[in-house]
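Each remark here refers to the structure printed beneath this line.
Bear in mind these aren't lab numbers, they're just calculated from the coordinates by the rules spelled out. Because the structure is a prediction, the values reported are computed rather than measured. Virtual Cβ from ideal backbone geometry, glycine too; neighbours counted across all protein chains shown.
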Amino acid sequence: MNMEWWKKSVVYQIYVKSFQDSNNDGVGDLQGIISRLDYLKTLGVDVLWLTPIFKSPNDDNGYDISDYRSIQSEFGTMSDFEELLDKAHQKDIKIILDLVFNHTSDEHFWFQESKKSKNNPYRDYYIWKEGNEGDVPNNWTSCFQGSAWELDEKTNEYYLHLFSKKQPDLNWQNPKVRQECIDIMNYWVDKGVDGFRLDVINLISKDESQYYVDSTIKGHQVCANGPHIHEYIQEMNQKVFSRKELLTVGETPAVTIEDAKKYAPLDNKELSMVFQFELMNVDGAEVNKWTDQRFSLKDLKQIMSRWQVGMYQQAWNSLFWNNHDQPRCVSRFGDTSSPLCHEKSAKMLAICLHMMQGTPYIYQGEELGMTNVPFNSLDDYRDIETFNSYKQLVEIEKSVSHEDMLRYMRKSSRDNARTPMQWNKEKNAGFSEHIPWIMMNPNYQTINAEAEMKDTNSIFHTYQKLIQLRKEYEIITLGKYELIMKNDENIYAYKRLYQDEELYVYCNFTDKEVSYDASILNNEKVLIQNYNQHQKGILKPYESIVFYQKSRA
Ligand code: TEU
Ligand code: CA
């Protein structure tokens, strides 16, 4: 069947800084990735998404780019990148780059020029506004706390930054800005990259009429899905994406299913797919991530099902449990209270997600069941969002105590996802000989790639098998999704239907034994499971099983 390649692919996200260090300076790099291509091939993934590899002062770990056409020196050189691309392609692995176009670094040449004077040719590359009665233009807050406006004393105007003040927002109303970004993408397409992940791409079109209007929602949400957003994305599509069959995934906070259908339509006029965050908000994280709140399975089922049904034959889904901004999924949605619960729940989550429709994304270490990290003190953290939030809530507002905040940070900080990949049980888990830039999770003694590759029963092998199944069974890519056992509070069960084929997926999200009605199964076979034995109708703690059968028409 003729279908875009990325609909049949599984993507693996590499947080470059923490994947593999090749020259023992404590920071992961491109040669490190090259040395692990065999591992990735064994896992079976089709595409690598590299977090930003461009020159950056690292205020936000590379999401503040100061030169879009050169490689961050601690990651290597352009020839290292070309070698990586070439070696990956030889193994039939594609590479997509992470481009940040909502903002640049304040150290980018454009901003350096822009702030020089009001009539500098680059002034209009950014969003500069006069104050409002001697204060900021409006009350918008930065995603990383504090005002989204920063006063530049020299010209006495404020610039907008929806993220840190070292990440000034670009002015996409300016056609020159649009052309610059298009040229940058074409530069990388000409080098042979296979696509892009576009950071917060739905924030680029600001509504001019709102700059002096206060809002009760967060600044980056006010700017989501602005007035010209689809024109801008269609322009990128015409001038870049349509040149080749590229995988383009837009990171789009605050989108509904209706929005997503416009961003990722089946006629490929905009993006291949988007990352939507409704699921990441199931435990309230988008409103306030600094709490003890845990998700309810009913809400989770409801959100995932709505997207599966709503996008069916209308637009294409992406599937993910976590990324570099989110806590580890086994800690958040699974159970790490014992080695058994850890193993079973990590596999259960993998099965639950990978049997759905859409392109699955695996975040590095997820395939090993890497967990949240027992950070001891503030000093153990590195993330700007975490520091700014601590400062705001504990020191400025005094609304949260130091102890509570440390507990919330252990649960929700982005740094949980950013500790180095756990390769083996040697020094620093085989990541580096040098002290890593961020602490190791001490559990690498037991959770590591070497051990799991040897053990045919490991979480790694469950992921490997899931990737293979997607290649073998078209129903996984194409089948229609239906939620079953809708009101059950312990089990997530759904079926997939395609021609005369049926898939039944059962996932016990609890540590108790629960039961389901197996009468629906007649000539079934088991595709994958996380216990060696299954008693029909019963699910043991965190048990998950997938049945395949031909329907009796
Ligand atoms: O994240 C943008 C984003 O949507 C944030 O609101 C995200 O939800 C936040 O990190 C939650 O804690 C992207 C990148 O993925 C992130 O790493 C960057 O810091 C951010 O853009 C700015 O470029
Ligand atoms: Ca290095």
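What to note about this one:
- The stretch between Lys8 and Lys116, if pulled fully straight at 0.36 nm per residue, gains 34.0 nm over its current Cα-Cα span.
- Computed over the stretch 109-160: relative contact order in percent, which uses C-alpha pairs under 8 Å that are six or more apart: 33 percent
- Note on the stretch 480-550: Rg/Rh from C-alpha atoms, Kirkwood Rh, equals 0.94.
- At an R0 of 25 angstrom, the distance between the Cβ atoms of Glu472 and Glu83 translates into a FRET efficiency of 0.15.
- Charge sum, other residues only, whose C-beta stays under 15 Å from Asn156's C-beta, Lys/Arg counted +1 and Asp/Glu -1: -1
- Taking a Cβ cut-off of under 11 Å around Lys536, the surrounding Lys, Arg, Asp and Glu residues balance to a net charge of -2, with basic ones at +1 and acidic ones at -1.
- Sites Gln234 and Lys427 - FRET efficiency at Förster radius 51 Å, r taken between beta-carbons, to 0.05: 0.50
- The stretch 468-482 residues near the modelled Ser551 label - backbone nitrogen below 15 Å, point 7 Å along Cα→Cβ: 475-476, 478-482
- With the largest listed first and rounded to whole Å, the semi-axes of the equivalent ellipsoid of the chain from the Cα gyration tensor are 38, 26, 25.
- With contributions of -39500 (n - 2.57) from each DSSP H run of at least four residues, the per-residue ellipticity at 222 nm computed over the chain stands at -7500 deg cm²/dmol.
- In summary, the convex hull built on the alpha carbon positions of the stretch 109-160 has an orientation-averaged projected area of 3.8 nm².
- Lys454-Lys244 pseudo-label distance in nm [points 7 Å out on the Cα-to-Cβ vector]: 4.1 nm
- Mean separation of Cα contacts under 8 Å, 6 or more apart, over the residue count of the chain: relative contact order %: 13 percent
- A Förster radius of 56 Å, combined with the Cβ-Cβ distance separating Tyr212 from Val309, puts the computed FRET efficiency at roughly 0.85.
- Once C-alpha pairs closer than 8 Å and six or more residues apart are averaged by separation and normalised to the residue number of the stretch 480-550, the relative contact order reads 33 percent.
- Relative to the current alpha-carbon distance between Arg294 and Glu180, full extension at 0.36 nm per residue lengthens the span by 36.7 nm.
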